[in-house]
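Engineer: Here's a structure for you.
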Amino acid sequence: MATVILLIAVFTVIGLFEVPKILKKGLWRELLVFSSLLILGFTLSVLIALEVPLPSPVKGIRNLMNPILRLLGIHTHLS
């Protein structure tokens, strides 16, 4: 639980440090991307800290790439 509290503190400091700079410059799209990546990173960090089993991204990438590789005529042993 202490790890989660530390993660909350670290991500809050990052947000408080970066967001005002982005807002001052009026970079709204960058704020959206920054916020999205910060939330994604925070979520994954908390899940890892709580030892939640996460699926491997390799399986998703493989499922995405196999049809594309087949269309290009490239056959792998993973197909």
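Engineer: Between M1 and N63, what is 0.36 nm times their sequence separation minus the Cα-Cα distance? Round to one decimal in nm. Kindly include the intermediate steps, with their values, before the conclusion.
Structural biologist: Working: separation 62, 0.36 × 62 = 22.32 nm, distance 3.53 nm.
Extra length available between M1 and N63 comes to 18.8 nm.
Engineer: Can you name the helices of the chain, as whole DSSP H runs, whose Cα span along the helix axis is 24 Å or more and whose Kyte-Doolittle mean is not below -1.0?
Structural biologist: 2-25, 28-49
Engineer: Could you work out [θ]222 nm for the chain from helices alone, using -39500 (n - 2.57) per DSSP H run of at least four and dividing by all its residues? Round to the nearest 500 deg cm²/dmol. Don't skip to the answer; put the middle values down first.
Structural biologist: On the way: 3 runs with 61 residues, N = 79.
Dividing the helical sum by the residues of the chain leaves -26500 deg cm²/dmol.
Engineer: While we're looking at this one, here's another question. What shape does region 2-71 take by its C-alpha gyration tensor, where a ≥ b ≥ c are the square roots of the eigenvalues and a/c under 1.5 counts as rounded, a/b above b/c as prolate, and the rest as oblate? Don't skip to the end; give the middle numbers.
Structural biologist: Details: a/c = 6.35, a/b = 1.41, b/c = 4.50.
Cα axes put region 2-71 in the oblate bin.
Engineer: Separate question: Report the local net charge at G15: Lys and Arg +1, Asp and Glu -1, summed over other residues whose C-beta lies under 14 Å from its C-beta.
Structural biologist: For residues surrounding G15, the net value is -1.
Engineer: Now for a different question. Starting from region 1-62, pick out the GluC sites (Glu not before Pro) whose DSSP state is loop and whose Cβ has at most 14 other Cβ atoms within 10 Å. Don't jump to the answer; show the numbers that get you there.
Structural biologist: Numbers: sites: E18, E30, E51; in loops: E51.
The qualifying sites are E51.
Every read-out reported here was derived from the displayed coordinates using simple, explicitly stated rules and does not represent laboratory data. The structure presented is a predicted model; accordingly, all values stated were derived computationally and were not measured. Glycine also receives a Cβ, built like all others from the backbone with ideal geometry; neighbour counts cover every protein chain displayed.
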